[in-house]
Structures are given as structure tokens and as C-alpha cells.
Amino acid sequence: MKAFQRLAFALAFGLGLWSASALADEVEVIQLQYRTAEQMIPTLRPLVAPGGALTGMQSSLVIRSSRANIEEIKRIVASLDRAPRRLLISVRQDSAATSRDRAVAGSATIAGDRGRVSVGPGAPTESGATVRIADAARADDDRLAQQVQALEGSPALISVGESVPVPLRSVTRGPGGAIVSDTVVYRDTGSGFSVVPRVAGERVTLEISPQRESVGRHGPGSVNTQRVVTTVTGRLGEWLELGGIDQSATRDERGFLSSGRTGRQSSARVWVKVDEIK
């Protein structure tokens, strides 16, 4: 009790010297149950009547204002100072890729009185022509799902990954010539998301940044990265699309008696859902 009285006195003293007109105001300490003064002051300060003051520390608020304004602030504090809701946040990151390769090649043999002429690979032994068509398709689908529990208004983070070895070679000049040194360093790759959820009734607002990394196919140390930074609002319990990427590319190759076409398509989507834990 003495510690509380000392804290209240220090907070009241921190309000500063008051003018004679301000001495008619009242000072009251409001004890918080679930929130901190740092969380509440930005919301309450604009509601303090002109000439009043609001300060606080840890779980205590100190307000100097008229009795009517103090009672108004206390009613607002009672509505805001409640146990934060427990939430289950689910993030799904989907990716799909398709590729198709088509090649057409021809060959021919022409025989006459002066000999035989063959053109193209696998030409027939007798006079005639051959056409070969090769068609190959491939589809890859990948889905990453992660969940984390959080309290409304508080940041949460989840991330999993691995350390990938990356070989490095350095060359230095010495008295006897070049010195080659081979070493291995590790590059961390991770997938996850950071989020700050805020709930009002049955609607939720998320400040969220999901990220997905995987080892690339372009040599040692290459990494594929997918990241979204956004704020989204929706209803509790429904999937919300945060964003997506669609890419496509086609390449044609033509040669003597041959042609080919290579097509690539890829897409990525990021979804989020928030459920309240009862």
C-alpha cells in the first residue's frame, strides 16, 4: 500500500505546477487491471478537457480535470480495460508451377542415280521423310500452413527454417604466388510471419508480414523469397487473401528441320484467417 501511495504521489507531482484556475480541478488515480498506462494514454489523451492533464506509469493512470470529465474518462477506461481476446492466426502460402516443352524435328533421305542425301538426325535408310514430336508437361504444387496464438493488440511472430551451406573460395597473393582458400558459410532461410491483431466486435484488423524462403536453383547461395507487407481487415473466422503473384514465360526455338517451344507458368497466393479461442 505504501508503494502504491508513493507511485501515486510521484505521478501527481509529474503533472507540474498548476495555475490558480486549475486548482479547482480534481486529481484521481485510476488503477488498470489488464492494460498498461502506455497502451491507454494515446487513446485517452485527446478526450481530456482543455486545461486538464493525463499521465501514467505501469498500471496506474493519473488524471487532473473536472469531475465530469474524470467520470467520462473512467467510463471509457472501464470499456477498454478488459482482458485481451485470445486469437489463433493461420497463414497459408500456396504456390503452383506448370511447364510444357514441345519439340518438333524432321529428317529426310533422298536417293538418286548419283547417290543418297540424308538430312536431320535419325534419317531413314531409304528415301522418305520422318517427323518426330516430343511433348512433355510438368506440374508442381506446394502449400505452407502455419499457426500462432496471439493476444489482441500484442505482436506475435512465428518462423521456421534451416541453415544452408554455401561454399566460398578466396584467392590471395602471397610471396610464393596465389593462395587459394576454400571455406563454407551458412545462410539462414526461414518461412513465417509477424502480425499485430486488433479486434473490434466480430471484425479484426491485422498488420501482417508473411515471408517464405527456399533454396534456389541458380547455384550455391541462391534463395527464392516471397514476402508481403500489408494491413487487412475482415471478419473473424474467414480466409482473407493478402496478395498474389502470377508469372508466365514462353520461349520459341527454331532450327533447320526442327522447332521447339517452352512455356512456364507460376502463381503464388497468401491467405490469412483469425479465429477467437474461447
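The values are calculated or read from the model by the stated rules, or taken from the named source; none is laboratory data. Everything numeric in this text was worked out from a predicted model, so none of it was measured. All Cβ positions, even for glycine, are placed from backbone atoms using ideal geometry, and neighbour counts span all protein chains on display. Ligands, DNA and RNA are stripped out before the accessible areas are found, and what is left, the full protein with its side chains, is counted by its heavy atoms. Shrake-Rupley method; radii C 1.70, N 1.55, O 1.52, S 1.80 Å.
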Qualifying residues in the stretch 163-184 (those that are β-branched (Val, Ile, Thr) and modelled with pLDDT of 80 or more) - the one nearest to Val228 (Cα to Cα)
Val184
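Quick grid of which residues meet (1) of a type outside the set (Ser, Thr, Tyr); (2) without any contact (Cβ under 8 Å) to a residue 12 or more places away in the chain; (3) open to solvent by less than 30 Å² (accessible area, probe 1.4 Å):
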{"site": "Val166", "(1), (2), (3)": "yes, no, yes"}
{"site": "Ser170", "(1), (2), (3)": "no, no, no"}
{"site": "Gly174", "(1), (2), (3)": "yes, yes, yes"}
{"site": "Thr183", "(1), (2), (3)": "no, no, no"}
{"site": "Gly190", "(1), (2), (3)": "yes, no, yes"}
{"site": "Glu202", "(1), (2), (3)": "yes, no, no"}
{"site": "Arg212", "(1), (2), (3)": "yes, no, no"}
Exactly one of Val148, Val160, Val117 is of a type outside the set (Asp, Glu) and modelled with pLDDT under 70, and that one is Val117
Quick check: anything in the stretch 59-80 modelled with pLDDT under 90, open to solvent by less than 30 Å² (accessible area, probe 1.4 Å) and closer than 30 Å to Ile208 by Cβ?
no
Within the stretch 141-188, work out how many residues are farther than 30 Å from Asp275 by Cβ and in a strand (DSSP E or B).
24
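Being surrounded by 11 or more Cβ atoms within 10 Å (Cβ to Cβ) and modelled with pLDDT of 70 or more is the filter here, so list the residues in the stretch 232-260 that pass it.
Val232, Thr233, Gly234, Arg235, Leu236, Gly237, Glu238, Trp239, Leu240, Glu241, Leu242, Gly243
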When you check Asp142 against the structure, is it under 19 Å from Leu242 (Cα atoms) and modelled with pLDDT under 75, yes or no?
yes
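Quick check on Ser209: is it small (Gly, Ala, Ser) and at pLDDT 85 or above?
yes
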